[in-house]
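Take a look at the structure below.
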Amino acid sequence: MSASRILYVDDNRDAYELAAAIFKYCGVNCNVISAESAREALALIEEESFDIYIFDYSMPEMSGIELCRYIRQFDADTPIVFFSGMARPSDRTAALAAGANDYLIKPNDLERLPETIKRFLADARQLPPGAAGLPLLH
């Protein structure tokens with residue numbers, strides 16, 4: 001199976017490098033591409049496709065929340081996970097309301113990050129193309 005493509009958007013390069021190392025150590029078969037701003041992320045998204053997005057909440061120019069809302073206008077399916085130091089319940093609520101699939105807190109949830117990513121990638125593989133994120137009708 002080919003490696004999943006993850007876009008990690010965070011203005012802190014160390015956070016990206018740590019996450020990439022943890023994914024490798026924990027056996028997440030992925031290529032992690034970094035962007036240090038929302039503008040850089042959007043340029044990458046125009047050129048390439050990704051299996052999952054990881055966003056920080058607080059970034060210059062455009063917050064992770066704004067980026068999430070923008071992406072959800074044209075991509076309702078690709079999972080978005082926030083991994084941020086913003087730890088108030090209202091921060092999590094805002095991210096989920098913007099269209100995020102999950103919200104993890106730095107550094108407390110660091111050990112949950114690889115398993116969360118594996119879960120979303122596995123869920124996406126089980127759905128037919130174009131069906132990610134759509135509720136099942138009974």
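FYI, it's all coordinate maths here, none of it is from the lab. Just so it is clear, the model here is predicted, and its values are computed rather than measured. Methodologically, a virtual Cβ is constructed for each residue, glycine included, from the backbone with ideal geometry; neighbour enumeration extends over all protein chains shown.
Roughly how big is region 4-125's charge dipole about its Cα centre, with Cβ charges of +1 (Lys, Arg) and -1 (Asp, Glu), in debye to the nearest 20?
Details: 13 positive and 21 negative charges, 83 e Å.
Here the size comes out at about 400 debye.
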- Note on the structure: Amide H proximity to SER37 below 5 Å, modelled H, separation 5+ or other chain, gives ASP10
